[in-house]
Amino acid sequence: MFHLTLSTELTSRCPEYRGAAVYAEVVNSPFSEGLWQEIDAFTQELRARDTADSIKQQPAIAATREAYRRLGKDPSRYRPSAEALRRRLLRGLELYRIDTLVDLINLVSLRTGYSIGGFDADKIQGTDLCLGVGQAGEPFEGIGRGVLNIEGLPVWRDAQGGIGTPTSDHERTKMDVGTRHILAIINGYDGDERRLREAAEMTQELLRKYAGSRDEEIMYFG
């Protein structure tokens with residue numbers, strides 16, 4: 001099993017951080033009709049309720065944006081993924097349909113405001129993961145984004161290097177239809193352990209419902 005830790009560089013500037021990780025054996029699929037019914041229902045609720053300004057005030061999103069500022073990154077230029085997903089829906093665009101695991105993680109992120117790293121656990125190098133701060137010139141290929149400047153971004157690293165930030169995860173550890181083990185890391189910069197637990201349990205429930213998950217384990221840290 002994975003061992004997740006926080007660097008002192010991260011905790012000194014973001015002491016409120018609390019995290020949860022969900023690990024499970026899964027069966028991925030290209031598309032899930034039931035899952036997309038839930039995504040479409042949330043989309044209608046969001047468009048009826050929220051604005052671009054109110055999105056930034058959602059507690060988990062606001063806390064992630066503040067963490068970016070503390071680490072020296074402009075959150076309006078490098079948006080946390082949960083904010084970017086909500087803004088996309090508000091612009092009248094649909095979410096990209098990737099596969100069931102990615103779509104499922106996106107739904108949890110949309111509902112909770114947490115930026116969530118969804119990784120193919122079998123592609124992670126080693127079992128030790130540490131959340132630190134991106135350095136100048138540190139190589140990172142964001143999924144569908146090419147080379148991403150992660151200086152000043154929170155970054156999860158395995159034995160080989162960075163695998164995920166709240167803005168984008170790395171191509172090297174991304175999930176695909178062949179993924180059989182998922183590691184989902186929920187990043188809570190707001191320090192609200194109750195909401196974090198709800199997000200982890202929501203992830204677990206959706207994995208059981210749409211990805212036939214088993215042997216799940218939830219880890220809390222920070």
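The values are calculated or read from the model by the stated rules, or taken from the named source; none is laboratory data. Keep in mind that this is a model prediction, so the values were computed, not measured. Ideal geometry is used to build each Cβ from the backbone, glycine not excepted, and the neighbour counts take in all protein chains shown. Ligands, DNA and RNA are excluded from the accessible area calculation, which covers all protein heavy atoms including side chains. Shrake-Rupley method; radii C 1.70, N 1.55, O 1.52, S 1.80 Å.
Selection of region 152-173 for residues being in contact (Cβ under 8 Å) with a residue 60 or more places away in the chain and either β-branched (Val, Ile, Thr) or open to solvent by 20 Å² or more (accessible area, probe 1.4 Å) (or both) yields only Thr167.
Checking each residue in region 10-39 for being of a type in the set (D, E, K, R) and over 17 Å from the mean Cα position of the chain (by Cα) picks out Arg13, Glu16, Glu25, Glu33, Glu38.
Tyr114 - would you say it is open to solvent by less than 10 Å² (accessible area, probe 1.4 Å), within 17 Å of the chain's Cα centre (by Cα) and of a type in the set (Ser, Thr, Tyr)? Quick ask: steps written out before the conclusion?
Working: open to solvent by less than 10 Å² (accessible area, probe 1.4 Å): yes; within 17 Å of the chain's Cα centre (by Cα): yes; of a type in the set (Ser, Thr, Tyr): yes.
Criteria met by Tyr114.
Consider region 133-146 and keep the residues that are surrounded by fewer than 17 Cβ atoms within 10 Å (Cβ to Cβ) and either β-branched (Val, Ile, Thr) or assigned to a strand (DSSP E or B) (or both). The one that is farthest from the chain's Cα centre (by Cα) is Gly146. Here the condition is being surrounded by 12 or more Cβ atoms within 10 Å (Cβ to Cβ), among the small types (Gly, Ala, Ser) and not in a strand (DSSP E or B); of Ser29, Ser12, it holds for Ser29 alone.
Look through Leu93, Leu35 and report the one residue that is surrounded by 19 or more Cβ atoms within 10 Å (Cβ to Cβ) and either among the aliphatic types (A, V, I, L, M) or touching a strand residue (DSSP E or B) at 6+ places or on another chain (Cβ under 7 Å) (or both).
Numbers: Leu93 fails: surrounded by 19 or more Cβ atoms within 10 Å (Cβ to Cβ).
Only one candidate passes the filter, namely Leu35.
Summed over region 76-90, residues that are more than 17 Å from Ile116 (Cβ to Cβ) and either surrounded by 15 or more Cβ atoms within 10 Å (Cβ to Cβ) or touching a strand residue (DSSP E or B) at 6+ places or on another chain (Cβ under 6 Å) (or both) total 1.
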